[in-house]
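Below is one structure, written out as structure tokens; the observations come after it.
The values are calculated or read from the model by the stated rules, or taken from the named source; none is laboratory data. Only a predicted model underlies this, so the values are computations on that prediction, with no experimental measurement involved. No Cβ is skipped: glycine too gets one built from the backbone with ideal geometry, and neighbour counts run over all protein chains shown. Keep in mind that these areas ignore ligands, DNA and RNA; they rest on the heavy atoms of the full protein, side chains included. Shrake-Rupley method; radii C 1.70, N 1.55, O 1.52, S 1.80 Å.
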Amino acid sequence: MLSKTSVSTLFDIPKFYYFDSGNDYSGSLGNFAYKVYTGETLRVLTWHGRLCSDKADIEHEKEFDRTQEGFDAMIKWLEDTYNGKTE
């Protein structure tokens, strides 16, 4: 069940403030897993399986501006990637 503070309709992801504070985040939905690294940008990795990101075969990787707009685009991209709508 998604928390009331989740910004995604699919994933339980905290609001932009969490990332703007310098925190990384990882999660999964079924066999789909993702990790968001926070630095100068927001860098997202996705893969399938139960392995951690260090051991998994990363299928998609993309960077977004570390702004609210970049964060919103990241959420859309992550949802689209889960739904098979990205290259």
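Annotations for the structure displayed:
- Per-region count, the range 4-20, residues of a type in the set (S, T, Y) and open to solvent by less than 60 Å² (accessible area, probe 1.4 Å): 2
- Residues being small (G, A, S) and loosely packed, with under 15 Cβ neighbours inside 10 Å - total across the range 67-87: 1
- Selection from the range 35-87 of residues that are among the aliphatic types (A, V, I, L, M) and touching a residue at least 40 places away in the same chain (Cβ under 8 Å): I75, L78
- On the stretch given as the range 28-66, residues that are among the hydrophobic types (A, V, I, L, M, F, W, C), under 17 Å from N83 (Cβ atoms) and open to solvent by less than 50 Å² (accessible area, probe 1.4 Å) total 4.
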